[in-house]
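Take a look at the structure set out below.
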Amino acid sequence: MMPIISRRTALLGLSGAIAVRGASLAVAAAPTDRRFVVVILRGAMDGLSAVVPYGDPGLMALRPALVPPQPGQDKGLLDLGGMFGLHPALSRSHARYQANELLIVHAVAGPYRARSHFEAQDYLESGADHRMTSGWLNRVVAALNVSSSGQAHAIAIGGPVPLLLRGGPGASKDVANWAPHGFAEPQPALYQAILSLNQNDKVTGPAIVAGLRDRGFGHKVLGESEKDKARFGFPALARAAGAMLRAPDGPRIAAMELGGWDTHTAQIDRMVGPLTQLDAGLDALRDGLGEAWKQTAVLAMTEFGRTARMNGTQGTDHGTATVAFLAGGAVAGGRVIANWPGLGRGQLLEDRDLAPTTDLRSVARGILGAHLGLAPTALTAVFPGSEGAQTLRNLVRTG
């Protein structure tokens with residue numbers, strides 16, 4: 001049934017969610033003026049393509065067709081200081097980096113070593129190395145609201161609240177659900193996957209392409225129109241999230257997601273779309289927040305990285321370590337944090353993956369403690385079993 005949602009309920013409810021065409025948003029209230037946003041990059045983003053270690057001599061031997069031109073060249077990497085370069089699709093993020101509002105942590109991974117999307121995403125959102133029924137961001141909300149009256153109440157618009165914000169005992173439980181008309185329409189990525197599986201079949205390949213075009217699906221498979229992107233894309237949702245977070249009586253915590261990162265084939269081309277969406281989305285979030293951007297920290301994370309070597313279809317397969325992004329006016333950016341493991345002979349994990357040297361929980365513990373003021377005991381409750389994960393320091397601005 002469709003719940004009756006008043007303006008007061010929407011503004012004062014402790015959490016809510018919106019989902020549109022490959023992107024979704026959930027928000028939660030908390031007794032703080034600081035804002036915290038988590039962006040889940042679903043599908044396993046290739047950190048070696050997003051933040052390219054062009055200074056590592058082993059890179060070109062592993063993936064020669066996946067490395068953009070050197071910094072300073074046409075469509076080249078955006079330099080981050082001589083060792084690393086941002087993908088050229090991340091031009092706005094490069095400007096944030098130069099303004100000391102973007103911090104990058106490389107060779108990062110969660111405590112698990114699963115290479116299944118479903119299993120790894122569960123672990124990523126639960127904040128543990130085992131399955132749980134609640135998400136770590138929900139436990140953050142519970143910790144922040146421990147002295148406030150009542151429990152958190154939630155409303156999900158357009159789809160279920162992600163595990164990241166679902167509650168268990170003692171946390172947010174009252175979650176309603178409503179899906180707008182057309183929400184169940186299949187995503188373009190589904191059609192792209194079907195085409196990818198059949199592209200080499202001389203019978204089914206052309207037939208599927210012709211069938212989709214006959215039914216008007218061509219533009220959704222080959223790329224959304226500019227009108228669709230403006231109305232439904234990740235940047236539009238991010239701008240809306242910023243406006244909600246900016247409101248004096250609005251939410252203070254948000255969880256967003258952006259898909260399209262599972263690049264098993266033709267990665268050099270397929271990475272451009274989601275990277276451009278992420279880049280524009282972070283900029284739109286900043287615009288929506290206005291002055292509240294100064295009090296905001298954003299953590300963008302993915303379930304695992306991809307193989308260091310490209311495969312036979314010029315893509316990459318499921319791997320281990322990747323990158324995490326921290327953005328926002330409250331972030332002490334302009335840096336790349338990397339205990340770099342190297343890409344040479346004997347340096348890859350299992351001779352296939354970028355080896356992890358930083359625990360993703362260390363990044364999250366560092367930003368939650370410094371930005372939202374969570375005590376070590378609360379952080380351990382948020383991330384069970386994380387006592388051994390060294391908390392990263394100096395991630396936010398002082399003064």
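General remarks:
- Ala297 being farther than 30 Å from Gln192 by Cα, in contact (Cβ under 8 Å) with a residue 60 or more places away in the chain and under 15 Å from the mean Cα position of the chain (by Cα): yes
Here's the yes/no breakdown for (1) of a type in the set (S, T, N, Q); (2) in contact with a Ser or Thr (Cβ under 7 Å, 6 or more places away or on another chain):
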{"residue": "Arg34", "(1), (2)": "no, no"}
{"residue": "Arg63", "(1), (2)": "no, no"}
{"residue": "Asp74", "(1), (2)": "no, no"}
{"residue": "Val105", "(1), (2)": "no, yes"}
{"residue": "Gln121", "(1), (2)": "yes, no"}
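- Contact map, segment 236-265: residues that are at positive phi paired with residues that are assigned to a loop (DSSP other than H, G, I, E, B) and modelled with pLDDT under 90, Cβ distance under 7 Å, separation 6+ or inter-chain. Pairs shown: Gly260/Gly22.
- Verdict on Leu379 being of a type in the set (A, V, I, L, M, F, W, C) and surrounded by fewer than 21 Cβ atoms within 10 Å (Cβ to Cβ): no
- Test: residue in segment 285-293 that is at pLDDT 95 or above, assigned to a helix (DSSP H, G or I), under 15 Å from the mean Cα position of the chain (by Cα) and buried (at least 22 other Cβ atoms within 10 Å of the Cβ): yes
- Reported count of residues in segment 345-399, each being part of a helix (DSSP H, G or I) and either charged (D, E, K, R) or touching a helix residue (DSSP H, G or I) at 6+ places or on another chain (Cβ under 7 Å) (or both), is 9.
- Of all the residues in segment 159-207, those that are closer than 30 Å to Pro384 by Cα, modelled with pLDDT under 75, touching a strand residue (DSSP E or B) at 6+ places or on another chain (Cβ under 9 Å) and not polar (S, T, N, Q) number 6.
- Checking Ala370 against (1) out of contact with any Lys or Arg (no Cβ under 8 Å at 6 or more places or on another chain); (2) over 28 Å from Ala308 (Cα atoms); (3) of a type in the set (Gly, Ala, Ser), the condition it does not meet: (1)
This table checks each residue for (1) among the β-branched types (Val, Ile, Thr); (2) surrounded by 18 or more Cβ atoms within 10 Å (Cβ to Cβ); (3) out of contact with any Ser or Thr (no Cβ under 9 Å at 6 or more places or on another chain); (4) within 30 Å of Asp283 (Cβ to Cβ).
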{"site": "Ala321", "(1), (2), (3), (4)": "no, yes, no, yes"}
{"site": "Gly329", "(1), (2), (3), (4)": "no, yes, no, yes"}
{"site": "Arg335", "(1), (2), (3), (4)": "no, yes, yes, yes"}
{"site": "Asp351", "(1), (2), (3), (4)": "no, no, yes, no"}
{"site": "Arg361", "(1), (2), (3), (4)": "no, yes, no, yes"}
{"site": "Gly366", "(1), (2), (3), (4)": "no, yes, no, yes"}
{"site": "Ala375", "(1), (2), (3), (4)": "no, no, yes, no"}
{"site": "Gly385", "(1), (2), (3), (4)": "no, no, yes, no"}
{"site": "Leu392", "(1), (2), (3), (4)": "no, yes, no, yes"}
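- Taken over segment 30-65, the residue count meeting the criterion of being assigned to a helix (DSSP H, G or I) and buried (at least 22 other Cβ atoms within 10 Å of the Cβ) is 4.
- Filtered by the rule that a residue be assigned to a helix (DSSP H, G or I) and without any contact (Cβ under 8 Å) to a residue 24 or more places away in the chain, segment 101-126 gives Phe118, Glu119.
- Among (1) hydroxyl-bearing (Ser, Thr, Tyr); (2) within 16 Å of Val39 (Cα to Cα); (3) crowded, with 23+ Cβ neighbours inside 10 Å, the one test that Thr276 misses: (3)
- Among the residues of segment 102-130, none is identified as among the charged types (D, E, K, R), buried (at least 21 other Cβ atoms within 10 Å of the Cβ) and over 17 Å from Ala300 (Cβ atoms).
The values are calculated or read from the model by the stated rules, or taken from the named source; none is laboratory data. All values reported here derive from a predicted model rather than from experimental measurement. Backbone-built Cβ (ideal geometry, glycine too); neighbour counts: all protein chains shown.
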